[in-house]
1. Order by neighbour count: 102, 30, 323, fewest other Cβ atoms within 10 Å first, most last.
2. Using the number of other C-beta atoms within 10 angstrom as an exposure proxy, rank 261, 289 with the fewest first.
3. Could you work out how far helix 256-270 tilts from the main Cα principal axis of the chain, as a 0 to 90 degree angle to the nearest 10?
4. With springs connecting C-alpha atoms under 10 Å apart, model the chain as a Gaussian network and identify which of 141, 32, 200 has the largest mean-square fluctuation.
5. Rounded to the nearest 500, what is the chain's calculated 222 nm mean residue ellipticity when only DSSP H runs of at least 4 contribute -39500 (n - 2.57) each, over all residues?
6. When 16, 254, 206 are ordered from fewest to most other Cβ atoms inside 10 Å of their Cβ, what list results?
7. Taking every DSSP beta bridge that has both residues in the chain, what percent is antiparallel when rounded to the nearest 5?
8. I'd like the orientation of helix 189-199 relative to the chain: the angle between its Cα long axis and the longest Cα principal axis, in ° from 0 to 90, rounded to 10.
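Just so you know, all these numbers are worked out from the coordinates, no wet-lab data involved. This is a predicted model, so every value here is computed, not measured. Glycine gets a Cβ as well: all are built from the backbone with ideal geometry, and neighbour counts include every protein chain shown.
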Ligand code: DP6
């Protein structure tokens with residue numbers, strides 16, 4: 001048995017679209033920041049007496065989630081030659097399936113806990129591949145701070161490389177998350193990507209432009225150039241949602257309050273407050289701020305009609321074991 005904690009990550013250069021074929025391989029690389037104060041804690045216990053895997057999310061059995069959880073555990077069990085089923089208990093301190101990257105923190109915590117529970121010695125590549133197989137954004141939560149998931153084209157396409165670009169201390173940005181709805185999103189990321197890839201007229205252009213966006217974001221992070229990071233991140237976000245809106249049927253993840261937040265954040269930046277927005281597959285708005293600016297930004301976002309709650313976070317560490325078998329082996333820097 002082991003318990004691990006992971007935090008959601010927020011993509012600044014977005015992953016949207018998969019390559020054809022199995023193994024959940026992204027069609028594009030992506031770059032994110034890992035948060036600190038939102039978390040998933042997952043306990044995995046392999047039990048020879050269990051006939052089936054059991055999965056509880058926030059204390060409630062989750063049969064839909066169980067399918068993905070079992071599928072994620074299977075290659076780890078295989079690697080350990082373990083035939084036992086597992087009891088998995090996971091808790092989030094933030095809304096699930098509402099565009100707050102709960103699948104990223106969830107699968108990063110699950111993989112980390114399972115490896116520890118089975119006392120497996122694994123390479124960072126194996127760990128990252130297992131997380132990616134479950135959810136394309138999950139490997140990025142294995143590391144803290146600024147993280148890139150790169151596509152490897154040589155010697156042959158078909159793998160990803162997880163690159164920790166910089167620790168939180170390199171540039172202690174802050175994030176204010178404006179919650180505008182607590183409902184689960186109507187179309188999940190996996191289905192949304194599939195519809196977009198099949199029907200959006202802009203999809204090929206999106207794939208082609210991604211390496212340039214990644215390079216700009218990488219440079220901005222390393223140089224701590226906020227304006228440059230703001231421009232490329234907002235561009236990547238709006239482009240992703242533009243693609244999705246142009247799919248058939250069009251995918252609209254935003255509500256009125258989402259749009260109000262975007263307008264306010266752009267106005268604030270024009271007034272000299274260092275903040276930019278990004279939005280994932282849901283209506284919540286993430287306002288990324290220079291160190292020290294998030295409380296002021298959060299206070300302003302709270303005044304917007306339709307904003308239910310604003311949480312703030314610094315950048316945080318990667319997934320790690322918090323109790324049980326492999327406690328002495330942290331997963332990432
Ligand atoms: C908009 O990682 O949830 O948040 O691989 O199908 O599980 P699956 O998708 P998921 O998609 C994340 C999409 C995004 C952008 C991002 O995090 O890069």
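1. 323, 102, 30
2. Details: 261 27, 289 23.
Ascending number of Cβ neighbours within 10 Å: 289, 261.
3. Value to nearest ten degrees: 60.
4. Result for the chain, Cα springs under 10 Å: 200 fluctuates most.
5. Value at 222 nm, helices only: -12000 deg cm²/dmol.
6. With the fewest neighbours first, 16, 254, 206 line up as 254, 206, 16.
7. Numbers: 51 of 55 bridges.
The answer is about 95 percent antiparallel.
8. 60 degrees
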